[in-house]
1. Given the conditions (1) aliphatic (A, V, I, L, M); (2) surrounded by 15 or more Cβ atoms within 10 Å (Cβ to Cβ); (3) within 18 Å of F147 (Cβ to Cβ), which single one is not true for A208?
2. Going by what's in this entry, would L107 be described as out of contact with any strand residue (DSSP E or B) (no Cβ under 9 Å at 6 or more places or on another chain) and either hydrophobic (A, V, I, L, M, F, W, C) or at pLDDT 90 or above (or both)?
3. When the residues of region 142-173 are narrowed to those that are among the β-branched types (V, I, T) and crowded, with 18+ Cβ neighbours inside 10 Å, which ends up farthest from the chain's Cα centre (by Cα)?
4. Considering only region 266-283, state which residues are modelled with pLDDT of 90 or more and surrounded by fewer than 17 Cβ atoms within 10 Å (Cβ to Cβ).
5. Within region 232-246, which residues are surrounded by fewer than 20 Cβ atoms within 10 Å (Cβ to Cβ) and at pLDDT 95 or above?
6. Just for helices (runs of 4 or more DSSP H) wholly inside region 1-117: which have at least 1 residues that are in contact with a Ser or Thr (Cβ under 7 Å, 6 or more places away or on another chain), outside the structural domain of Q128 (by TED's automatic domain parsing) and in contact (Cβ under 8 Å) with a residue 12 or more places away in the chain?
7. Inspect region 187-201 for any residue being surrounded by fewer than 16 Cβ atoms within 10 Å (Cβ to Cβ) and at pLDDT 90 or above and give the result as yes or no.
8. Out of all the residues in region 1-47, which are in contact with a Phe, Trp or Tyr (Cβ under 9 Å, 6 or more places away or on another chain) and surrounded by fewer than 14 Cβ atoms within 10 Å (Cβ to Cβ)?
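The values are calculated or read from the model by the stated rules, or taken from the named source; none is laboratory data. If you're wondering where the values come from, they're calculated on a predicted model, not measured in any experiment. Because the Cβ atoms are built from the backbone with ideal geometry, glycine has one as well, and the counts that use them run over all protein chains shown.
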Amino acid sequence: MLNRLEMLRIFVAAAEARSFKDAAARLGISPQAVTRAVQDLEAVQGELLFHRNTRGIQITTYGEHLAVQARDSVQRVDVLFQPASDAEPSLVEGVVRLTAPVALGRLLIVPVLKALGRQHPQLRFDVQFSDTHADVVDDRIDIGVRFGSMRDSRYVARRVAPQPFRTVGTPELIALYGKPKSIEQLHELPTTSLRDHSTGKAWPWYFASGQHISPLNPRFLSSDSEAEFDAILAGLGFGQLPGFMADEHIAAGRLVPVLQKHQPDPWDIYIYRPQRGPVPARIRLVFDELVTALSR
């Protein structure tokens, strides 16, 4: 019996040809070798793959379904033995499934995907933006982006950039209430908070030396990070934001940092993917582009 990969390769050729003879000519083997390979595969599958008669062959319904799977499997194996210099970037195609926090995804990930989509018209994206951590392995996600440490051995993770957290308020808010002089004073001031979907509670604010608090009576509480961001910009309360959201507005004078001596150590942004089998070209391309873009 032929090895299983060669058996599948011959079967795929037969499924795409008008006859076993045509498939044999395409592969440079004898028609008898094609017949034997198909018979061996039928024996392994326990199903008829082709109807044969004097006029030719006709693939069965089961054979059609198997041919789709076999073609994809053979192509994946062939890619492993293709020199990198032979790869054609313009031929990258298929769907890439991603997950990321909402604001980070929309501000930093979407521009990268737009650029890749223009360069590779056959590339498709299935995007899940959520402030709740997704289980990339269980949810069949190809690439994830997240804040915080990555210690799960199921993932291949790249640390791309440290991200500071800023406690901020608008100049108008500070004119009304003044700047907080201590972390505890935040409980007495109007604040905003982001609700954790998984617990229903507000995410804590983090400060230096491992300190953290959850404002007791936030003036604005939301499960949407961008809605909270809009509330902070509107002056509804003091809030805590990652640098990629806050820094542009601090530079423009729309937000003012407070409690700077209590600013926590930066959190790292990680891009990660599951450790499962060969990495298709489309996933490697998107992963590498995200690493490059976010590292900047």
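1. The failed condition is (2).
2. yes
3. T170
4. P266
5. Scanning region 232-246 gives L233, A234, G235, L236.
6. Result: 4-16, 20-27.
7. Yes, region 187-201 contains a residue that is surrounded by fewer than 16 Cβ atoms within 10 Å (Cβ to Cβ) and at pLDDT 90 or above.
8. Selection gives Q32, Q45.
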